[in-house]
Amino acid sequence: MTAIAPRFGPQLIRLLLVTAVLTVGLLGALAGTASAHAALTGSDPKDGAVVDVAPREVTLTFSEQIAMGDDSIRVLDPSSKRVDVAKMQDLSQGGTVRYAVGLKPGLPDGTYTVAWQAVSADSHPVSGAFTFSVGAPSATTATVPDQEAGGGLVGTLYDAARYISYAGFILLVGGAAFVLACWQRGASVRPLQRLVVGGWVTLTAATLVLLLLRTPYTGSGKLGDMFDLGGLSDVLDTKTGAALVSRLLLLGAAALFIAVLFGAYAKRVTEAESEQDGEGNAEAGKAKADLAFGLSLGGTVVAAGIAGTWALSEHASTGIQTGLAMPLDVLHLLAVAAWLGGLVSLLVALYRVPDLERAAVRRFSRIAFTSVVVLAVTGVYQSWRQVGSWDAWTDTSYGQLLLVKIGLIAVLLGAAWFSRRWTGLLGEDAKTAKTAEAGAEAESHAEVGVDVAEESAEEDVADVAEAGTPADPERAVQLARQRTALATARKKRDRDADTERSGLRRSVLIEACVALVVLAVTTALTGTEPGRTQEKEVSRTGTEAAAPAPARPVNLTEPFDTGGTKGKGTLRLTIDPAGPGTNLMHVWIDGPDGKPMDVPEVKVAYTLKSQQIGPLPVVPERLAAGHWSAGNVQIPMPGDWHLQVTVRTSDIDQTTIEKNVKIG
């Protein structure tokens, strides 16, 4: 019995599985490179500042416009209790983006933590935290999220849904374009119908998931919050929420387009091909052409609208020249869909439809070339706009990812060149190749055996057809299966007999695998801060300046004289590790004879005059005669700190030793 041909060849299955695994791995590796567009550029009080009186409010300044809610800024006291009150205030003016939140009156001394979270203008979440102290630094138990906004399981799921949504868009738009522009008879071919409908289902499902995940993605980070109706209502008021809802509405129109394409239009194509009468054929052809024009116009509008939902909510909508960047981004996405989506459609047709005409392949080849030209023009502009400088190509994560994408596209174009060569060799009629191959197969004993088996099965089927429908239902079902198996085997043999067609399938398969990886890199790029913005932040904050030298312990030895009886001695002080954060301080007082000298009081204070921080008082604890220690000395930042050590030897005799020490 002849086996039924598989839906896809083993080579296709193996390569697509391997590529899918590599793509998922690539997405995971690139997830850590994603960063947001906006950044905190200043605050009042400043990070690490120590103020004498508690401020009435905390203000934050950002590099670009952001979206914040009433709970976006939280101020926590040393015991992790919230001390912010009222609603957040928007103090933005002109090009300055500033927000403030009021504090409770009469805050006690100690270290306070400010945690903030917002959504950047290009739809990505941003978050951070800093501390300031009132009176003096203190220990704090305040906790902030241990992961950046948009990270964790929710971030991974959100990035996966974004990748899947791009893939669905490409299959939907590219598959429909392939049918209308390259192979109209494909409207009635089941594999292509399943491909386009699958793209619609994939894009719709991914969009719904993105809409539900938006609340935890930009907020709590808890997966369970995706079903929070209050959070969903807030999402709908944002630019990204509006874009996702608009995409769903446009997908409703796309469903109608698909129904007409694979219903009325497929019927008109079949009628036009089967009509024999000249006048009737002309009428059928005109009706088909009119419907094709309407579908092409309507489909282009719907596809451009869906592409616009990305352009209006991501990188193209922020930065410079947004009025030009957004329409070019739409054009870029449409060109990607026409090329890569058409490529997958061609691959499916080559594997599932033996009688695909050479004319259809050549039409797609021309469309692919046009798409590549459009991609090159729009890609150059986008690169200039997003990267900003030559150094940013290698010094920023966005530029590095873009170089990877360009390299992959070069590989893709190389595979496309081989596909064009095979297209030129492709025979106009697969039957010619089949006849030649059949003559060669006649010399093979195994193939002759297959032919004999097929002829025998055909004779059985023919005998039954002459005798009418067999009385045994099981026999009827068996004969129907034999007919299907014979037809499928014949189609598979005809398909595999064409050497040029087999070569084209292999090269197109390689293109499709590379395209999957290109799509993964593109998805990562949409979640990565543009190089132009990264360079601005580096220039403004100096975050990529040379790293400071490692902190080294400070050892200080100074003589003192308070002027009173037994007022002379030597002070020894150590600070370890003498860096920003928590430090251990020891103070020893030695008498003129070098032995430990007990004194009533020792006080220490630190001041960073360049940043107007301090004095930060430290009262060490007496451990033994002549030995004092403080184990939680908080120094907020590196710099040249002014150290003051006060030694009191009696009720009225004391002196202060002043010295500059290097911290960090």
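The values are calculated or read from the model by the stated rules, or taken from the named source; none is laboratory data. Note that the structure is predicted; figures quoted are calculated from it, not measured. Every residue, glycine among them, receives a Cβ derived from its backbone with ideal geometry; neighbour counts consider all protein chains shown. For the accessible areas, the whole protein counts, side chains as well, though only heavy atoms, and no ligand, DNA or RNA atoms are used. Shrake-Rupley method; radii C 1.70, N 1.55, O 1.52, S 1.80 Å.
Here are the numbers for the structure shown:
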| read-out | value |
| --- | --- |
| Wholly enclosed strands (runs of 3 or more DSSP E) of segment 39-127 bearing at least 3 residues open to solvent by less than 30 Å² (accessible area, probe 1.4 Å) | 57-62, 73-76, 97-103, 110-120 |
| Matching residues in segment 331-372 - criterion: being small (Gly, Ala, Ser), crowded, with 24+ Cβ neighbours inside 10 Å and over 24 Å from Gly399 (Cα atoms) | Ala338, Gly341, Gly342, Ser345, Ala349 |
| Residue list for segment 329-370, restricted to those being under 24 Å from Ser188 (Cβ atoms) and small (Gly, Ala, Ser) | Ala337, Ala338, Gly341, Gly342, Ser345, Ala349, Ala359, Ala360, Ser365, Ala368 |
| Within segment 373-396, considering residues that are surrounded by fewer than 17 Cβ atoms within 10 Å (Cβ to Cβ) and within 23 Å of Leu331 (Cα to Cα), the one modelled with the lowest pLDDT | Trp384 |
| Filtered residue count, segment 221-241, keeping only those that are free of Cβ contacts under 8 Å to residues at least 12 places away in the same chain and surrounded by fewer than 17 Cβ atoms within 10 Å (Cβ to Cβ) | 6 |
| Residues of segment 627-638 that turn out to be in contact with an Asp or Glu (Cβ under 7 Å, 6 or more places away or on another chain) and either aromatic (Phe, Trp, Tyr) or open to solvent by 50 Å² or more (accessible area, probe 1.4 Å) (or both), as a count | 1 |
| Residue list for segment 625-639, restricted to those being part of a strand (DSSP E or B) and closer than 12 Å to Ile613 by Cβ | Gln634, Ile635, Gly639 |
| Residue in segment 349-366 that is modelled with pLDDT under 90 and touching a His at 6+ places or on another chain (Cβ under 6 Å) present | no |
| Near pairs, Cβ below 9 angstrom, 6+ apart or cross-chain, from segment 152-176 (under 21 Å from Trp200 (Cβ atoms) and without any contact (Cβ under 8 Å) to a residue 40 or more places away in the chain) to any residue that is in a helix (DSSP H, G or I) and open to solvent by 20 Å² or more (accessible area, probe 1.4 Å) | Gly168/Gly198; Gly168/Trp200; Gly168/Val201; Gly168/Thr202; Gly168/Thr204; Gly168/Ala205 |
| Boolean, Ala181 is in contact (Cβ under 8 Å) with a residue 60 or more places away in the chain, open to solvent by 20 Å² or more (accessible area, probe 1.4 Å) and among the hydrophobic types (A, V, I, L, M, F, W, C) | yes |
| Residues being on the phi < 0 side of the Ramachandran plot and crowded, with 17+ Cβ neighbours inside 10 Å - total across segment 616-626 | 3 |
| Top-ranked residue in segment 639-654 [being in contact (Cβ under 8 Å) with a residue 60 or more places away in the chain and crowded, with 17+ Cβ neighbours inside 10 Å; ranked as farthest from the chain's Cα centre (by Cα)] | Asp653 |
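Residue by residue, here is whether (1) over 23 Å from Phe169 (Cα atoms); (2) at pLDDT 80 or above; (3) in contact with a helix residue (DSSP H, G or I) (Cβ under 9 Å, 6 or more places away or on another chain); (4) in a helix (DSSP H, G or I) holds:
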position: Tyr265; (1), (2), (3), (4): no, yes, yes, yes
position: Val269; (1), (2), (3), (4): yes, yes, yes, yes
position: Ala272; (1), (2), (3), (4): yes, no, yes, yes
position: Ala282; (1), (2), (3), (4): yes, no, no, yes
position: Phe293; (1), (2), (3), (4): no, yes, no, yes
position: Leu297; (1), (2), (3), (4): no, yes, no, yes
position: Ile306; (1), (2), (3), (4): no, yes, yes, yes
position: Thr309; (1), (2), (3), (4): no, yes, yes, yes
